[in-house]
Amino acid sequence: MASRSLLDHSLLKVMKKFYPIIKVLAPILICAAIGLEIWTFYALQTGKPLPPLPMGLFWFERFALTAHAVEGVVASLFAKSREQSPIPYGLYTFFVGTVGLLELLEQPASNNL
């Protein structure tokens, strides 16, 4: 049986159809999560009441921000081997998430590191 990479998997091919939607929604949601963090930080610093949102939403947005930050760091580390600029590609991946990382890993690696 021939070895197939993760990027050749049929599920990934189906997911690629949703890339345009994800590329629009993910940055909007990440910006909203950053805004919610700033609002919460401001409220805690000034003694004002916290935003009236369920606590689970706070944990979810913090998990999403952390996951996107890790993906951005990984993308910036791999970007040089894919002939991309590390900082812009890391930021792009931070905002679009796994889609940016998968796009980067689909590109062939160059051997001139």
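Throughout, read-outs are computed from the coordinates displayed, never taken from laboratory work. Just so you know, these numbers come straight off a predicted model, no measurement behind them. So basically every Cβ, Gly included, is an ideal-geometry build from the backbone, and we count neighbours across all protein chains shown.
Quick notes
- Full extension of the chain segment joining L91 with I21 gains 23.4 nm, where the gain is 0.36 nm per residue of separation less the Cα-Cα distance.
- Total charge dipole magnitude, the chain, about the Cα centre, Cβ charges on Lys, Arg, Asp, Glu only, Debye to nearest 20: 160
- Relative packing of peptides 16-26, 100-110, 66-76 - highest average C-beta neighbours within 10 Å first: 66-76, 100-110, 16-26
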